[in-house]
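Please read the structure below before turning to the comments.
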Amino acid sequence: MKTMRFLALAALLVALPLSAQTYDWSSTGSTGNFDYASTYKYSTTGPTVKFGPFQSGPINFRYPVTNTYSTGSGSVPGWTTLHATFTDDSSSGSVTVKLFRVNKCDYTETQLCSITSSDGANAPVCDSCTYASTDVDFANYYYYVEVTLARSATSANEQIHAVALN
């Protein structure tokens, strides 16, 4: 009887993390690939990337989207939403998040959707944009999310915490 209870409890505990996952693909802000011009302009703290002290201007990060759906052959996951968690606390700065599709043959890029921050409190904000469920096709395209943090005054506190697709 104790073995049955233990197995039931173990099955429940294993199911909890699986049910807590809400995104099919995600990345923390601090794991993005930065543009060379952005070197030394940013710092990371845990999952967050932000401006370094006394730095301003734009900083660009790219997050390669990987196929977590199934095989690369004919894989259309039906994803429709780009999510972003960011901080924008000043009119002296902004956060822009864009999803791009890249043709595997000729490398032409198509922007699928974009999120632009609006000035808010010094707390993380979640926002999203949508695109067609057939726009993500890993058999024919590559994908990346581009994040631009911009500020003209060092008092602005622009940060990217996470990006995700589902």
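Restricting attention to the range 112-149, the residues that are in a loop (DSSP other than H, G, I, E, B) and closer than 16 Å to Thr66 by Cβ total 5. Per the conditions (1) touching a Leu at 6+ places or on another chain (Cβ under 8 Å); (2) surrounded by 21 or more Cβ atoms within 10 Å (Cβ to Cβ), the sole criterion not satisfied by Thr81 is (2). Quick check on the range 41-76: of everything there that is at pLDDT 90 or above and within 17 Å of Asp135 (Cα to Cα), which residue is surrounded by the most Cβ atoms within 10 Å (Cβ to Cβ)? Result: Val65.
Anything in the range 42-58 that is in contact (Cβ under 8 Å) with a residue 24 or more places away in the chain and on the phi > 0 side of the Ramachandran plot? List them, or say none. Full working, then the answer.
Taking the range 42-58 as the starting set, the residues that turn out to be in contact (Cβ under 8 Å) with a residue 24 or more places away in the chain are 42, 47-51, 53-58.
Phe54, Gly57, listed by residue number.
Looking across the range 58-68, the residues that are more than 17 Å from Thr81 (Cα to Cα) and in contact with a Ser or Thr (Cβ under 8 Å, 6 or more places away or on another chain) come down to Pro58, Ile59, Asn60, Phe61. Name the pairs whose Cβ atoms lie under 8 Å apart, with the first residue in the range 93-118 and farther than 16 Å from Tyr141 by Cα, the second hydrophobic (A, V, I, L, M, F, W, C) and not in a strand (DSSP E or B), and 6 or more positions between them or separate chains? Taking only residues 6 or more apart or on different chains, the pairs are Gly93/Ala153; Gly93/Ala156.
The values are calculated or read from the model by the stated rules, or taken from the named source; none is laboratory data. No experiment lies behind these values; they were computed from the predicted model shown. Glycine also receives a Cβ, built like all others from the backbone with ideal geometry; neighbour counts cover every protein chain displayed.
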